[in-house]
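Okay, structure first, notes after.
The values are calculated or read from the model by the stated rules, or taken from the named source; none is laboratory data. Owing to the predicted nature of the structure, the values given are computational and were not obtained by experimental measurement. Note that each Cβ is placed from the backbone with ideal geometry, even for glycine, and that neighbours are counted across all protein chains shown.
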């Protein structure tokens, strides 16, 4: 993992952001937290290294739309989508084509950390 790499965490739920932030910092990751896809897109530049950990379902801008905007801007960053168990299979299939990784909630801390390490190469 590159020392300059950052986990960019996007989730509209403050409790989820707090819990994941604490866990990731304790695991040694540099992290930036955003309450929405819009806030992340405003702050992110193509020269930032790391991965995007984003909740798929959000009220203003869903995770898949954020990823599509990154592609439109020619920004390459591995994306890990977090999704609730039970999402329909058509949606899951579409997301798998777009994502570096797909984590179904609730997921284990070990799976999360492994996924992030793999995304950051």
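Those residues that are out of contact with any strand residue (DSSP E or B) (no Cβ under 8 Å at 6 or more places or on another chain) and modelled with pLDDT of 90 or more, I need them from the stretch 40-64; list them, please.
Initial filter on the stretch 40-64 (out of contact with any strand residue (DSSP E or B) (no Cβ under 8 Å at 6 or more places or on another chain)): 41-42, 45-47, 59-62.
41, 42, 45 - these are the residues of the stretch 40-64 that are out of contact with any strand residue (DSSP E or B) (no Cβ under 8 Å at 6 or more places or on another chain) and modelled with pLDDT of 90 or more.
Being more than 19 Å from residue 4 (Cα to Cα), at pLDDT 85 or above and surrounded by 18 or more Cβ atoms within 10 Å (Cβ to Cβ) is the requirement here; does residue 107 meet it? Before the answer, list the steps.
Numbers: more than 19 Å from residue 4 (Cα to Cα): yes; at pLDDT 85 or above: yes; surrounded by 18 or more Cβ atoms within 10 Å (Cβ to Cβ): no.
The answer is no for residue 107.
Do you know which of the residues in the stretch 45-84 that are over 9 Å from the mean Cα position of the chain (by Cα) and assigned to a strand (DSSP E or B) is surrounded by the fewest Cβ atoms within 10 Å (Cβ to Cβ)? Give the derivation first.
Quick first cut of the stretch 45-84, residues over 9 Å from the mean Cα position of the chain (by Cα) only: 45-50, 57-62, 64-77, 83-84.
The next check asks that each one be assigned to a strand (DSSP E or B); those that pass are 50, 83-84.
Working: 50: 22, 83: 20, 84: 11.
Top of the filtered list is 84.
Is it the case, given these coordinates, that residue 37 is under 14 Å from the mean Cα position of the chain (by Cα), farther than 16 Å from residue 115 by Cα and either surrounded by 19 or more Cβ atoms within 10 Å (Cβ to Cβ) or at pLDDT below 95 (or both)? Walk me through it before giving the result.
Values: under 14 Å from the mean Cα position of the chain (by Cα): yes; farther than 16 Å from residue 115 by Cα: yes; either surrounded by 19 or more Cβ atoms within 10 Å (Cβ to Cβ) or at pLDDT below 95 (or both): yes.
Spelling it out, residue 37 is indeed under 14 Å from the mean Cα position of the chain (by Cα), farther than 16 Å from residue 115 by Cα and either surrounded by 19 or more Cβ atoms within 10 Å (Cβ to Cβ) or at pLDDT below 95 (or both).
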